[in-house]
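J.: One structure is given below, represented as structure tokens, and several questions about it will come after.
The values are calculated or read from the model by the stated rules, or taken from the named source; none is laboratory data. Just so it is clear, the model here is predicted, and its values are computed rather than measured. FYI the Cβ positions are ideal-geometry reconstructions off the backbone, even for glycines, and counts take in every protein chain you see. Calculation scope for accessible area: heavy atoms of the full protein, side chains included, ligands and nucleic acids excluded. Shrake-Rupley method; radii C 1.70, N 1.55, O 1.52, S 1.80 Å.
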Amino acid sequence: MFSKTKYKIILLFLISLSFFNHFTIISGLQLDTGFYLPNGIVEIHGFDLGNENKTIIELNDSNGQFYKISEFKGSINEMKMTFKLPPSLVNQKFTVTFKLINDTLVKNLSMTGSPSVLPPNDKKLRIGPVKDIIYNETSLVYTFDTTSEECYFTRFIMYNNDKPISNYSNNYFDCDTIINQTRYCVFKSEQPINRLWGSSSSRVCVRHFSIPWEDCNNFYIGSKLTPKPIFKFNKLPSTQGDEIIITGSYLRFLYEDYVSDPKPNIMNYIRVTAPPQPSLFSYAIIKGNFDDPLFDVSNLTVSFPAGSGSSKLITFNYLYYQNFSYAPPIITMVSYNQKYSDVFIDGYNFYLNAFKVQEIYFDGVKQNNFIINRDHTQIIVSNYRRVESGQMSINIKVNDVSMEKNFIYCFYPPSITSVNSITYYDGGIVTIKGSFLYSSMPTVKIGDLFCKNITSNQTEIQCILGPANQGGSNLPIIITFDGCDSVSNNNTFTYNVPSLNNAILLNGSIVLLNGTNIGRGSNDSIIEITGIGIDEKILIDKFEVSNDEKSLTFELPLLKFKLFNITINRNNILSNSIPISMSTLPSLKINSISNPTTENGKLEIGIYYITYPFNEQIIPNIFINSSRKSIQCSIPVSSKNKYITTCQMPSGTGINKDYILNYNSLVLNNQFSYAQPIINFLTISAKKDMITINGNNFGNSEKVIQVYYNDVNITSKIQLLNNNQFQIRNNDSFNNGPIEMVVDENNLLSGFNSTLPPIVKKVINNDCNGILLISGNRFITKLNENKVKVLVNNKETRKLANSTDDVLLVSSPQISYTPFNVSVYIGPNLVLSNVILNHSDPNVTKINQVKNDKDGFSIKLSGIGFTDSMDASIVLPNGSRRAIKCKLQCIANLESTNKINISNGTGFYLCTSKAIIDQDSIGLKMIFNSKLIEFDVDIDVYKGNDDNNNKNNSDSSKLSSSSSSSSLFILITIISILFYLIQ
């Protein structure tokens, strides 16, 4: 019986092996035929030829010369392979060897490097329908419908008339790509595609998709096979002949390859229709030679002869036409001779008088009495009489090309001879005189301002400017009516220009100015003060103006000049300048305007009301704190409303230092303060034991400096002090926070917050769900270089949200393995490495909070080594089980000794079930990653109503019945298998 079973298994194995061998035998590398194409490409046909990643191709000639082909291309179905034949094997016999990588199979094929052609008696091939020609500046692609194709392109043979072009002979089409039943033939050539060119005698070679032979004799390039030139003009040529630039692609097709009257270098001509005889042709010369390899065939300079009208630019033997025209007429100026009734029209592109192809229209009426007075540039229309003023629209058409926009000429425009200047306090009425000024609706504009019309006649217009207008000087005047602007003899208008009459000095420093149009305040006016010794003009924008703008008052700057010049600037319109002299000069005053640094500092002192001109031989000096040693200062320099002298100060600290300035027999007292200390940055020594505070103005004496770190005085901890830095010994108790300092009663200029690197003391395993505790200080930081990174078994951990500044909590799934390796980094620096910790096995250390009531059963279990991966169940005395859900919560508390209190565990499960237990004890099973923990739990029996008890009994019965049914099913299955084997 057992032998029969064994026989069946062996027979099944043999059948499978035979099936596998069957498919192995009919598959594998196979070479059928090889062809050498005229473009130098070898094409191999067969099966399982592989591709660039798994095939090796080698060639051997009759002399034993070996060639390894490094570049080749395979088809997607692995039934065709193409590669470039080495030049030395052309017209030679050779052997092709195919090898598959990681396979011992080798196949050979003998062939000759001579092009294959159609048999002489074969029928002419037929080109499959070309779906589309896709081309741009850099590519040319033909597409064919594979459902109906018979042949497709292999290469171009380009001709110049009846002679092949040799420099474009090396080209071919890559037609291997087929997408959605469309074959894409991509043109490839050694020459840039923009140099593609050939006459209508050019041909295309085709081949059948199933055989490699070409037909290069029967298919001429026609309108459907040649890319249409893509080009644009930089401009249209003028009628008197012009050079233009044509840019684009395939521009070599912009010439005619045959004419009855041959010309030198006929390639360089473009054929255009020459009006007025449409049947004749003219030629535009391309500057340059297409055959020159350096010639830019995408940017052509073309010289057009004189001509006019619309034409058609002929490309590629009449296959394509491009609409084209000479430039339209342009009018630059029109004048009218009333005495002789002649209208003179000057401009461009009017063409020649000999060809009567011009049409002139005045207000849409064709004019017949005209001549081309100067070819291309001037037309005279005779016997045109007009006495009324107004606009006239002029249009010129030359051989069907019209002006792009009509020219508007004004007969008898308004002419201005004079205008008066006013202020709006005089009523704001402007009077303009001239000729042809009458109109019922004139528009008068003065500069950017509109002047409201009051009255007008042929020789005068009156209008009014409102008081809200600011005015100006030398403003242009334009009068417009009936669409025509006025003609002015350089007449301009002046309006609301400020004017000063006199200046009076009041109370020593207050100045009263009288005049007109002074301004309405600092919004539109400013006072400028100049004078001898004032390097930059002084601007004053605080003053009081009367309502009629005829007077203002302001206070003089703190200067002591006997003579000033005052000017009003109103909206960039300057008044006349008026001088003012000072009879009583104020007393000299000084003020400290800068704080010297504590080392080699400079004190700048402002001197006010200095007498000018002053004697440069008198140099100020100062004495500090009643010192007998004087400090010489610099010669005073003018600066706006004061003079400044600079004094080199000795090193020192403190505030409110008294000094005396002596200048020109005058003695003045004042005070100065040294510059406030400032902290720029701090650094930590390599050993992390010293903190260096860097800045300025610290002084050099510990007696006058007080330093506070987080409001704690740490002056006594200073190890080293100089003017630019001091050092304190690092302390693990230092937290990040503000540093304040006082130097000789001089407070810190601006607050400074320290950011010290974290301190890592110890790594502790919390033994609960992969949580680690890192104790230390300064863990909370925003600087990347100070951030703490913890690796467990060289993998990063996740920082927990309840971390603090001195306790960092991280979680890692790697901690479930034991032992495990911990490394700690601060920024890029490793501070703790290879800390080996162990993970405790799961263990329940305490059971508490057992509850059993109408809401169900719950229990709290404390212990160590707990993880989320735990399954629990309740076992009743009758053997039935109840599922119970447990939720883990980890406790992470550090004592002062940095040891975790694990007497009651580092985590606990809160397990709950909706089942009601009517027993006084249960079994609890917990499985941790295949480890089983079992123990008994005593509980209080829940005494509910009888229905609930009956329900519980029923549930127990169902659980027992289910268990029995499962056992019976397993037993029947085993018996069935044994019975089958026995048979």
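J.: May I ask you to verify whether N121 is assigned to a loop (DSSP other than H, G, I, E, B) and either surrounded by 13 or more Cβ atoms within 10 Å (Cβ to Cβ) or at pLDDT 90 or above (or both)? Spell out the reasoning first.
T.: Working: assigned to a loop (DSSP other than H, G, I, E, B): yes; either surrounded by 13 or more Cβ atoms within 10 Å (Cβ to Cβ) or at pLDDT 90 or above (or both): no.
Against the criterion (assigned to a loop (DSSP other than H, G, I, E, B) and either surrounded by 13 or more Cβ atoms within 10 Å (Cβ to Cβ) or at pLDDT 90 or above (or both)), N121 does not qualify.
J.: Okay, moving on. Answer yes or no as to whether L49 is free of Cβ contacts under 8 Å to residues at least 60 places away in the same chain and in a strand (DSSP E or B). Please lay out each step first, then the result.
T.: Numbers: free of Cβ contacts under 8 Å to residues at least 60 places away in the same chain: yes; in a strand (DSSP E or B): no.
The answer is no for L49.
J.: When you go through (1) polar (S, T, N, Q); (2) assigned to a strand (DSSP E or B); (3) open to solvent by less than 70 Å² (accessible area, probe 1.4 Å); (4) without any contact (Cβ under 8 Å) to a residue 60 or more places away in the chain one by one for N474, which number turns out not to apply?
T.: (3)
J.: Out of all the residues in the range 611-648, which are touching a Pro at 6+ places or on another chain (Cβ under 6 Å) and buried (at least 17 other Cβ atoms within 10 Å of the Cβ)?
T.: Going residue by residue through the range 611-648, those that are touching a Pro at 6+ places or on another chain (Cβ under 6 Å) are 633, 641, 643, 645.
Answer for the range 611-648, where residues must be touching a Pro at 6+ places or on another chain (Cβ under 6 Å) and buried (at least 17 other Cβ atoms within 10 Å of the Cβ): C633, Y643, T645.
J.: Among the residues of the range 851-877, write down those that are more than 30 Å from Q814 (Cα to Cα), out of contact with any Phe, Trp or Tyr (no Cβ under 8 Å at 6 or more places or on another chain) and in a strand (DSSP E or B).
T.: Filtering the range 851-877 down to residues more than 30 Å from Q814 (Cα to Cα) leaves 851-858, 874-877.
Filter once more, keeping what is out of contact with any Phe, Trp or Tyr (no Cβ under 8 Å at 6 or more places or on another chain): 855-858, 875-877.
The answer is G856, F857, S858, V875.
J.: Which of the residues belonging to the range 162-221 are charged (D, E, K, R), touching a residue at least 24 places away in the same chain (Cβ under 8 Å) and over 21 Å from C151 (Cβ atoms)? Working first, answer last.
T.: If we filter the range 162-221 for residues that are charged (D, E, K, R), which is where we start, we get 162-163, 174, 176, 183, 188, 190, 195, 203, 207, 214-215.
If we keep only those that are touching a residue at least 24 places away in the same chain (Cβ under 8 Å) as well, we get 162, 176, 183, 195, 203, 207, 214-215.
Scanning the range 162-221 gives D162, R195.
J.: For the range 82-102, give me each residue that is free of Cβ contacts under 8 Å to residues at least 60 places away in the same chain and more than 23 Å from Y172 (Cα to Cα).
T.: Selection gives K93, F94, T95, T97, K99, I101, N102.
J.: For I270, only one of the following conditions fails: (1) modelled with pLDDT of 70 or more; (2) in contact with an Asp or Glu (Cβ under 9 Å, 6 or more places away or on another chain). What is its number?
T.: Result: I270 passes all but (1).
J.: Taking the range 790-799 on its own, how many of its residues are over 16 Å from N838 (Cα atoms) and either open to solvent by less than 30 Å² (accessible area, probe 1.4 Å) or among the β-branched types (V, I, T) (or both)?
T.: Here the count works out to 2.
J.: Report every pair of residues separated by at least 6 positions or lying on different chains whose Cβ atoms are under 7 Å apart, first residue within the range 352-377 and open to solvent by 60 Å² or more (accessible area, probe 1.4 Å), second among the small types (G, A, S).
T.: Listed pairs, sorted by first residue: D363/S393; N369/S382.
J.: What number of residues in the range 761-789 are open to solvent by 30 Å² or more (accessible area, probe 1.4 Å), at pLDDT 80 or above and within 21 Å of S833 (Cβ to Cβ)?
T.: Going through the range 761-789 one residue at a time, the tally reaches 5.
J.: Which ones in the range 685-741 are over 27 Å from M649 (Cβ atoms), of a type outside the set (S, T, N, Q) and part of a loop (DSSP other than H, G, I, E, B)?
T.: Selection gives A686, K687, K688, D689, D711, I714, D732, F734, G737.
J.: May I pose another question? So for the range 816-829 (the condition being free of Cβ contacts under 8 Å to residues at least 24 places away in the same chain, more than 26 Å from K931 (Cα to Cα) and either under 41 Å from the mean Cα position of the chain (by Cα) or in a strand (DSSP E or B) (or both)), does at least one residue qualify?
T.: Filtering the range 816-829 down to residues free of Cβ contacts under 8 Å to residues at least 24 places away in the same chain leaves 818-819, 829.
Still in the list and also more than 26 Å from K931 (Cα to Cα): 829.
Keeping just the survivors that are either under 41 Å from the mean Cα position of the chain (by Cα) or in a strand (DSSP E or B) (or both) gives 829.
Scanning the range 816-829, I find at least one residue that is free of Cβ contacts under 8 Å to residues at least 24 places away in the same chain, more than 26 Å from K931 (Cα to Cα) and either under 41 Å from the mean Cα position of the chain (by Cα) or in a strand (DSSP E or B) (or both), so the answer is yes.
J.: Let me spell it out: the conditions are (1) at positive phi; (2) buried (at least 17 other Cβ atoms within 10 Å of the Cβ), and V824 meets all of them except one. Which number is the exception?
T.: Of (1) at positive phi; (2) buried (at least 17 other Cβ atoms within 10 Å of the Cβ), only one is false for V824: (1).
J.: Quick check on the range 601-623: of everything there that is modelled with pLDDT of 90 or more and more than 53 Å from the chain's Cα centre (by Cα), which residue is farthest from Q671 (Cα to Cα)?
T.: Among residues in the range 601-623 that are modelled with pLDDT of 90 or more and more than 53 Å from the chain's Cα centre (by Cα), the one farthest from Q671 (Cα to Cα) is P620.
J.: Is there a residue being in contact (Cβ under 8 Å) with a residue 12 or more places away in the chain, among the hydroxyl-bearing types (S, T, Y), closer than 30 Å to N786 by Cβ and surrounded by 15 or more Cβ atoms within 10 Å (Cβ to Cβ) anywhere in the range 682-704?
T.: yes
J.: Looking only at the range 341-351, how many residues end up being surrounded by fewer than 17 Cβ atoms within 10 Å (Cβ to Cβ) and part of a loop (DSSP other than H, G, I, E, B)?
T.: Of the residues in that region, 1 qualify.
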